[in-house]
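Written out below as structure tokens is the structure these notes cover.
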Amino acid sequence: MLANDYLEQRTNWEVLLALCLGLLGEKVKTWMVMLWQDAEASCEPLPVIPWPWADSSHRACILSWLHASLWHGHVTRQGSHWGVPGGEWSSHAVLFCFYTSRYIIGKKGETKKRLETETRTSISIPKPGVEGEIVITGQQRGSVISARTRIDVLLDSFRKKQPFTHFLSFALNQPVIQEKFLQFKEEVLEKCSQDHGVSSSLFQNPAKLHLTLGTLVLLNEQEIQRACDLLQQCKEDFVDQITGGKPLSVEVTGVEYMNDDPAMMDVLYAKVHMKDGSDKLQMIADQLVERKDPSGAEERSSAVTGKSSFKERESFNGRNILKLFENFSFGEAQLDAVLLSQRYSSDASGYYGTAGRLLLH
């Protein structure tokens, strides 16, 4: 039986119930989407669909499900869509992690209550410990949009206060570079250990030597997957054109520091250069940072030999290190993948755990 034939034989609420239970599958979903598109094109509200339930909580659950399934991220047109009483507008804001709920709800629910009062909306937030969607319902379109905007601002503020969880990196822990790095460490400690702050604790774990491109705050699996998808999109959009489908041949030579005073260094790092003298590496780094999820803090460094920015930094006098090791060679490497690396983790090789990768070849 075709979906349209079935619809002609059933009451509206039976169709809705069947849709929610998944009994009619994609055909009815397609019909509902077509109905939505027709309403959008004609600027007319969708037809009222009576509700068979008196309990408003049931209505809210089904409404949330419909939005999540069919129109993720959209605000409906004015009218009694899906039987919402009083011609209300509805929208759901964003997927969020359970541990951000407190930030939106506030102490004793004060933040949520204030938002609802000031925007004249009703805001439904998943229970603590549950990841889900925030559902906003209000009488006016502007009220719903205002509430969503304010929630987005709250979530953005929360995110900016979080330490980054992942970073984009090129691994520089090839055996030859690790060997040269250990030689560098030995010589620095031999020749500069009398300088303020210079000690073995400053040096990175050789297995985790890397080139950092940018940092990210990824709070759940959906955000991690989105970052992985974006990496693959970057490969199609510009990386393959830059690399020609080949790894980047680089040499790691010389040292540099990040702050202004070499007597009070925060980070000492090795410099990475393309062997052919091109700017391919810089082009990839710049465009990846531009395209990466804006949730990450804007930080980029070539921290190869210095202490990782993941730990609390210790200042040290690096003047003699700069003089003695200005042209120290750490060797050559083939960069074949941009890694989405996870902070505070290790894989079998000792490098950071990898949540995703962009292959250059």
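The values are calculated or read from the model by the stated rules, or taken from the named source; none is laboratory data. Note that the coordinates shown come from a computational prediction; the quantities given were computed from them, not determined experimentally. Because the Cβ atoms are built from the backbone with ideal geometry, glycine has one as well, and the counts that use them run over all protein chains shown. Ligands, DNA and RNA are stripped out before the accessible areas are found, and what is left, the full protein with its side chains, is counted by its heavy atoms. Shrake-Rupley method; radii C 1.70, N 1.55, O 1.52, S 1.80 Å.
For segment 264-295, the candidate set comprises residues that are in contact with a strand residue (DSSP E or B) (Cβ under 9 Å, 6 or more places away or on another chain) and farther than 20 Å from ALA337 by Cα; within that set, the residue that is modelled with the lowest pLDDT is SER295. LEU219 falls short on exactly one of the conditions (1) closer than 22 Å to GLN183 by Cα; (2) open to solvent by 10 Å² or more (accessible area, probe 1.4 Å); (3) aliphatic (A, V, I, L, M), and that condition is (1). Every listed requirement among (1) more than 16 Å from LEU219 (Cα to Cα); (2) modelled with pLDDT of 75 or more; (3) open to solvent by 40 Å² or more (accessible area, probe 1.4 Å) is met by GLY86 save one, (2). The residue that is modelled with the lowest pLDDT, counting only those in segment 311-324 that are out of contact with any helix residue (DSSP H, G or I) (no Cβ under 7 Å at 6 or more places or on another chain) and in a loop (DSSP other than H, G, I, E, B), is LYS311. In segment 231-242 there is at least one residue matching the filter, namely being over 25 Å from THR165 (Cβ atoms), more than 23 Å from the chain's Cα centre (by Cα) and of a type in the set (A, V, I, L, M).
Here is the figure for segment 195-228: residues that are under 12 Å from the mean Cα position of the chain (by Cα) and over 18 Å from ALA171 (Cβ atoms) total 10. Close Cβ contacts (under 9 Å, 6 or more residues apart or on different chains) running from residues in segment 202-229 that are among the β-branched types (Val, Ile, Thr) to residues that are in a helix (DSSP H, G or I) comprise VAL217/ARG159; VAL217/LYS160; VAL217/GLU223.
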